[in-house]
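Please find one structure pasted underneath; my questions will follow.
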């Protein structure tokens, strides 16, 4: 099974205790939906490896204490720190609501603004503590779009389009940053020629 057949549910953040238990950060809407997992795929050295779960307990919202079969020591557990945790896409229930989407499913979608029209494609989604952000390729630059219902309106799955209403000036901010990086050639040359 490859990463293309899976979606990431989180990653291992640290060990817990000395008996091989680990802390799994669940980067999902509702961590309690994952309280009955039997197994998970961990990305170890670029490969997805199945790990069978002995026990899992959801604590503090999006964190879980997890024990895997055959991981009995802190040394074995330490090797799994920072490994991404994945599940097969088949585990996901399809979303039919056009105002909701899974983050992984919109990668590659065309972003269409209500006033500007087609802008660029979705590169990925950054799940942040304060605000989730869509990364869009716009004229060769990465533009970050906040995810909320006022900005991200609907998903057109049939045509792979994400319909948005960007805040006024958002694109200009990214384009201004680009122009600040370039030296002003005309003005500087005229002044130095006079001296």
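Against the longest principal axis of the chain, how steep is helix 185-194, in degrees 0 to 90 to the nearest 10, with axes from Cα atoms?
It is inclined by approximately 40 degrees.
Got a sec? How would 107, 112 order by Cβ neighbour count within 10 Å, fewest to most?
Numbers: 107 14, 112 18.
In increasing order of surrounding Cβ atoms, one gets 107, 112.
Still on this structure: Stretch residue 173-residue 76 to full length: gain in nm at 0.36 nm per residue minus the Cα-Cα span? Don't skip to the answer; put the middle values down first.
Values: separation 97, 0.36 × 97 = 34.92 nm, distance 4.72 nm.
30.2 nm is the gain from fully extending residue 173 to residue 76.
Take the Cβ-Cβ distance between residue 154 and residue 53 as r, set R0 to 41 Å, and report the resulting FRET efficiency rounded to the nearest 0.05. Don't jump to the answer; show the numbers that get you there.
Working: r = 37 Å, r/R0 = 0.90.
Working from the Cβ atoms, E equals 0.65.
Right, here's the next one. Say R0 is 41 Å: what FRET efficiency, to the nearest 0.05, do residue 1 and residue 118 get from their beta-carbon distance?
Values: r = 34 Å, r/R0 = 0.83.
That gives a FRET efficiency of 0.75.
When every alpha-carbon pair in region 103-180 is counted, what percent end up more than 15 Å apart? All intermediate terms of the calculation are to be shown ahead of the outcome.
Numbers: 1585 of 3003 pairs.
More than 15 Å apart: 53 percent of the Cα pairs in region 103-180.
Here is a further query. As a check on your grasp of the helix formula, calculate [θ] at 222 nm for the chain: sum -39500 (n - 2.57) over DSSP H runs of n ≥ 4, divide by the residue count, round to the nearest 500.
Values: 3 runs with 26 residues, N = 195.
One gets -3500 deg cm²/dmol as the mean residue ellipticity at 222 nm.
Moving on to the next point. Ranked highest first by the average count of other Cβ atoms within 10 Å around their residues, in what order do 8-15, 66-73, 158-165 fall?
Working: 8-15: 18.6, 66-73: 16.8, 158-165: 15.0.
Output ranking for 8-15, 66-73, 158-165: 8-15, 66-73, 158-165.
For region 8-52 and region 102-165, write down the distance between their C-alpha centroids in whole Å.
The distance from the Cα centre of region 8-52 to that of region 102-165 comes to 28 Å.
Since every read-out is calculated from the coordinates, none of them should be taken as a lab result. What you see is a predicted model; the values in this text were computed from it and never measured. Cβ: placed from backbone, ideal geometry, glycine included. Neighbour counts: every protein chain shown.
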